[in-house]
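What follows is one structure encoded as structure tokens, with my remarks underneath.
The values are calculated or read from the model by the stated rules, or taken from the named source; none is laboratory data. Since we're looking at a predicted model, the values are computed, not measured. With ideal geometry, Cβ positions are generated from the backbone for all residues, glycine too; neighbour counts draw on all protein chains shown. Please note that ligands, DNA and RNA were not included when accessible areas were found on the heavy atoms of the full protein model with its side chains. Shrake-Rupley method; radii C 1.70, N 1.55, O 1.52, S 1.80 Å.
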Amino acid sequence: MDSKVYAYETFLNETLREDLKKIIENRDKVYKEISEYLQLKAVIEKLKDEDCLGKELKTKVDLGCNFYVQANVPDPSVIFVKVGFGFFVEFTLEEALKFIDKKTACLMDQADEMTKSAAKIKAHIKLVLEGLREIQHISAETDKPQRDIFL
């Protein structure tokens, strides 16, 4: 019986919980990318509202670690957008907005799939924990409500 308990605990800790952790980390990366695209969309819409097209634009650019430099953009009517795999494409502002809408929709679908996968893994974790309780003859009734540390 001890070997069964050990096998279940090993599977639970080394496989299921690690898989859940990886999926949640990947989902968080996707949400971060969505956030960046939505920030870009807000900047583009602000540029269009301010009627900066055809005029030189002065701005500050973050080089990283909150170090900024002044930049002059001679033509803010076109923009380079990261499309994936390290590639950037030159878009007009309208094209960039259309691309951002499509890209964020695709990324939201990915995030939803990852959320479903995380829910399945959590269900498997609960099933394994219930099996461990049953093997060890531990009552499932507790006074304290359980909290989920992964979501």
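Please state which one of Thr104, Thr115 is under 18 Å from Lys21 (Cβ atoms) and polar (S, T, N, Q).
So the residue among Thr104, Thr115 that is under 18 Å from Lys21 (Cβ atoms) and polar (S, T, N, Q) is Thr115.
Taking the residues in the stretch 1-29 that are closer than 21 Å to Ser117 by Cα and of a type in the set (Ser, Thr, Tyr) as candidates, determine which candidate is surrounded by the most Cβ atoms within 10 Å (Cβ to Cβ).
Looking at residues that are closer than 21 Å to Ser117 by Cα and of a type in the set (Ser, Thr, Tyr), I get Tyr8.
Give me a count of the residues in the stretch 49-71 that are loosely packed, with under 10 Cβ neighbours inside 10 Å, of a type in the set (S, T, N, Q) and either modelled with pLDDT under 90 or within 26 Å of Lys102 (Cα to Cα) (or both).
1
Might you check whether a residue that is basic (Lys, Arg), surrounded by 13 or more Cβ atoms within 10 Å (Cβ to Cβ) and modelled with pLDDT of 95 or more occurs anywhere in the stretch 98-109?
So far as the stretch 98-109 goes, yes, one or more of its residues are basic (Lys, Arg), surrounded by 13 or more Cβ atoms within 10 Å (Cβ to Cβ) and modelled with pLDDT of 95 or more.
Looking at the stretch 110-141, which of its residues are at pLDDT 95 or above and among the polar types (S, T, N, Q)?
Gln110, Thr115, Ser117
Select, from Phe85, Phe99, the only residue that is among the aromatic types (Phe, Trp, Tyr) and under 30 Å from Leu16 (Cα atoms).
Answer to the check: Phe85.
For Ile44, which of the numbered conditions (1) over 30 Å from Thr10 (Cα atoms); (2) at pLDDT 90 or above; (3) open to solvent by 100 Å² or more (accessible area, probe 1.4 Å) fails to hold?
Going through the list (1) over 30 Å from Thr10 (Cα atoms); (2) at pLDDT 90 or above; (3) open to solvent by 100 Å² or more (accessible area, probe 1.4 Å), Ile44 breaks only (3).
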